[in-house]
Amino acid sequence: MSDDPRWQIMADLGERATAPDSGGDSGEFARRFEEFLATAEAIAEDRAVPAEQRVLARKILARIDRAMRANTPALLAVLARMARDPDLTAEERGEALDMLARANEHLPAASDRRH
């Protein structure tokens, strides 16, 4: 990409996501993914970054947005099941509820764009 160290944050997450042993800590992965999104948004809006890099960051965000919208019903169903699963710890159920609440916060904005 460029010498901008923010691109390395994004590359690191991609490597972790595609690694054969990427199982591990889902909370850590979620935190890193949020950092990835924030970094892409920062690059996309940073006028000091060359235009082609801002465009690339916007394309990455658009692809993630489309993928999230396409998978939203399945994601919400999984999170709801996890939040009710008695075999999970209270902490895991709480994390699922938190993710479900955050996902639901974004749904009205998504549906507003379709109308």
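Quickly run through the stretch 86-115 and pick out the residues that are open to solvent by 100 Å² or more (accessible area, probe 1.4 Å), at pLDDT 80 or above and in a loop (DSSP other than H, G, I, E, B). Even if it seems obvious, please write down each step before you answer.
Residues of the stretch 86-115 that are open to solvent by 100 Å² or more (accessible area, probe 1.4 Å), as a first pass: 86-87, 91, 105-106, 112-115.
Next, only the ones that are at pLDDT 80 or above stay: 86-87, 91.
Once the filter is applied, which keeps residues that are open to solvent by 100 Å² or more (accessible area, probe 1.4 Å), at pLDDT 80 or above and in a loop (DSSP other than H, G, I, E, B), the stretch 86-115 yields 86, 87.
Pick out the one residue from 83, 17 that is surrounded by 11 or more Cβ atoms within 10 Å (Cβ to Cβ) and either modelled with pLDDT under 70 or not in a helix (DSSP H, G or I) (or both). Steps first, please.
Details: 83 fails: either modelled with pLDDT under 70 or not in a helix (DSSP H, G or I) (or both).
Only one candidate qualifies: 17.
The values are calculated or read from the model by the stated rules, or taken from the named source; none is laboratory data. Everything numeric in this text was worked out from a predicted model, so none of it was measured. FYI the Cβ positions are ideal-geometry reconstructions off the backbone, even for glycines, and counts take in every protein chain you see. The protein model used for the area step is the full one, side chains on, heavy atoms only, and it has no ligands, DNA or RNA in it. Shrake-Rupley method; radii C 1.70, N 1.55, O 1.52, S 1.80 Å.
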